[in-house]
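Each value in this text was obtained by applying a stated rule to the coordinates, not by laboratory testing. Keep in mind that this is a model prediction, so the values were computed, not measured. Positions of Cβ are generated from backbone atoms using ideal geometry, with glycine treated the same way; all protein chains shown enter the neighbour counts.
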């Protein structure tokens, strides 16, 4: 074993040396290829010890098995690295997707809102949930599509509803979505969502004026039916 060590390149040493003559140790012979030829040596292990060729840290009991040059190299590697950590900074921006100017229309009732929104929902084969952002005088600031769903539903979360409204400095909002079936009767989920968004708007200081459900040549207004 000691004779073979001199012929091994330093990268193959050290290993944990065990007394393979002990009855509790199993030993076998292996062949290792080196640049100078083929050397046979005995590697021993117990049933609980798995020997690897991974270098051992200099401060372990096997450190004395390292050549001096290897110990110096490992000591240099163990120097702690200095990393500069910083919290990322973000800037929130509102991007206008078209060059059109804001409509001078002021939302005064559900009929005015329906005439403004009906062309946007015309011909859609899936549910779309949109919001109409209004200023303090209920003039239109802009519109945003919050969710596009399937034929029967669209998933809407208050977070996605109020995020663009805050960016647009909206004071009020008008909610609207379509029913591709043509029936404008609101579902129980529509009513529950309207109450949830109404409560969220009251908390944020953004008034929910109405929620329109658009069908085929008809609509349902929550405000007109005193459901807000």
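A few remarks follow.
- Cut-off 16 Å (backbone N to label point 7 Å along Cα→Cβ of residue 111), residues of segment 181-216: none
- Subtracting the Cα-Cα distance of residue 204 and residue 181 from 0.36 nm times their residue separation leaves 4.9 nm of extension gain.
- Theoretical FRET efficiency, 1/(1+(r/R0)^6), r = Cβ-Cβ of residue 124 and residue 226, R0 30 Å, to 0.05: 0.60
- Peptides 133-146, 180-193 ranked from most to least packed by the mean count of surrounding Cβ atoms within 10 Å: 133-146, 180-193.
- FRET efficiency estimate (nearest 0.05) - Cβ-Cβ, residue 216 to residue 189, R0 22 angstrom: 0.65
- Placing R0 at 22 angstrom, the Cβ-Cβ distance between residue 135 and residue 157 gives a FRET efficiency of 0.35 after rounding to 0.05.
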